[in-house]
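Only one structure is covered here, and it is reproduced in the block below.
The values are calculated or read from the model by the stated rules, or taken from the named source; none is laboratory data. The structure displayed is predicted, hence computed values, not measured ones. All Cβ positions, glycine included, derive from the backbone under ideal geometry; neighbour counts span all protein chains shown.
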Amino acid sequence: MTYDYSFFGFVMQQKKGILDQFSEFLIQERPQRIIEIGMGYGGLSIGLALYSYLNNIDYTTYDIELRHGIAERSKEVIELLGKKLIIADIFELEDEMARLYQIDGKVLTLCDGGNKIKELDIFSKYMKPNDIIMAHDYHAVYFPPPVEFINNQPIFAKWPNVDYIPDYSWPFCEVYDSAIQYIIDREKLEKVYAKLFEEYNWVCLMKK
Ligand SMILES: C[S@@+](CC[C@H](N)C(=O)[O-])C[C@H]1O[C@@H](n2cnc3c(N)ncnc32)[C@H](O)[C@@H]1O
């Protein structure tokens, strides 16, 4: 099992097959703007930028740093498609981000940066009814991070003190139900597309 997957060699930190899930979802939801927080190496970003180009919609990805090598090539591809990569700390752009939600069409926000719960908390405030926000490294129930990897398998220090078996197929758990319930309640969000996305460790929330 590997925790990186690629789009024609452009690495994405996602489970294999995630682009199929996004393809089905985007064709149904037809957002007018996609905002991605956390480009990483850019494999997922290129897939989304290509979708955005083909469908003539707005797409911007943000990252606090541009990694050397493959991420620089990703930037090139994204810009070639007429889409944007902005290198900045997303939390310093709140006013600029807030304005991105003020369009007639649906806005899709992907939280995959350095603090996914904080991203959900802050940017969900600006959503309009039917806008969608998603966050990665999601498991319904929390489990602690693995202490190390051996042969690419996560090894946990000790089993968590709950009757829940960690999901080894994706050992990163940064977003979980009990941590985000206050955001769901405050913003009147509804879980959608759980069947499509939860296996891929994304939670998908629509503003009612
Ligand atoms: C998990 S990686 C993104 C993976 C990518 N979405 C993918 O699917 O391959 C998280 C990224 O968030 C970026 N990041 C961390 N803190 C950030 C911040 N405050 N603002 C913007 N980006 C941030 C990191 O530099 C890193 O590239």
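The set of residues from the range 78-111 being under 17 Å from residue 50 (Cα atoms), within 19 Å of the chain's Cα centre (by Cα) and in a helix (DSSP H, G or I) comprises just one member, 78.
Residues in the range 61-108 that are basic (Lys, Arg) and touching a Phe, Trp or Tyr at 6+ places or on another chain (Cβ under 8 Å) were compared, and the one that is farthest from residue 26 (Cα to Cα) is 67. Considering each residue of the range 118-157, count those that are touching a residue at least 12 places away in the same chain (Cβ under 8 Å), away from the ligand (no atom under 16 Å from the Cβ) and either assigned to a loop (DSSP other than H, G, I, E, B) or under 19 Å from residue 189 (Cα atoms) (or both), and give that number. Final tally of qualifying residues: 17. Among the residues of the range 7-22, some residue qualifies, meaning at least one is in contact with a Leu (Cβ under 6 Å, 6 or more places away or on another chain) and more than 11 Å from the ligand (Cβ to nearest atom). If you filter the range 38-48 down to residues that are aliphatic (A, V, I, L, M) and near the ligand (Cβ under 7 Å from one of its atoms), you find that the one that is nearest to residue 122 (Cα to Cα) is 39.
Residue-level analysis places residue 35 outside the set of residues that are loosely packed, with under 15 Cβ neighbours inside 10 Å, assigned to a strand (DSSP E or B) and within 12 Å of the ligand (Cβ to nearest atom).
If the condition is being surrounded by fewer than 20 Cβ atoms within 10 Å (Cβ to Cβ) and not aromatic (Phe, Trp, Tyr), then the range 114-136 contributes 114, 115, 117, 118, 121, 122, 125, 128, 129, 130.
Residues in the range 190-208 that are part of a strand (DSSP E or B) and not charged (D, E, K, R): 202, 203, 204, 205, 206. Only one entry of 164, 176 meets the criterion of being modelled with pLDDT of 75 or more, of a type outside the set (A, V, I, L, M) and surrounded by 12 or more Cβ atoms within 10 Å (Cβ to Cβ), and that entry is 176. Could you go through the range 62-77 and let me know if any residue there is more than 11 Å from the ligand (Cβ to nearest atom), surrounded by 13 or more Cβ atoms within 10 Å (Cβ to Cβ) and not in a helix (DSSP H, G or I). No, every residue in the range 62-77 fails to be more than 11 Å from the ligand (Cβ to nearest atom), surrounded by 13 or more Cβ atoms within 10 Å (Cβ to Cβ) and not in a helix (DSSP H, G or I). Beta carbons closer than 6 Å, at least 6 apart along the sequence or on distinct chains, pair a first residue in the range 40-52 that is touching a residue at least 60 places away in the same chain (Cβ under 8 Å) and under 13 Å from residue 70 (Cα atoms) with a second that is polar (S, T, N, Q) and surrounded by fewer than 21 Cβ atoms within 10 Å (Cβ to Cβ) for 40/13. Spot the failing condition for residue 54; the list is (1) away from the ligand (no atom under 11 Å from the Cβ); (2) in contact with a strand residue (DSSP E or B) (Cβ under 8 Å, 6 or more places away or on another chain); (3) within 19 Å of residue 77 (Cα to Cα), and only one is missed. Failing condition for residue 54: (2).
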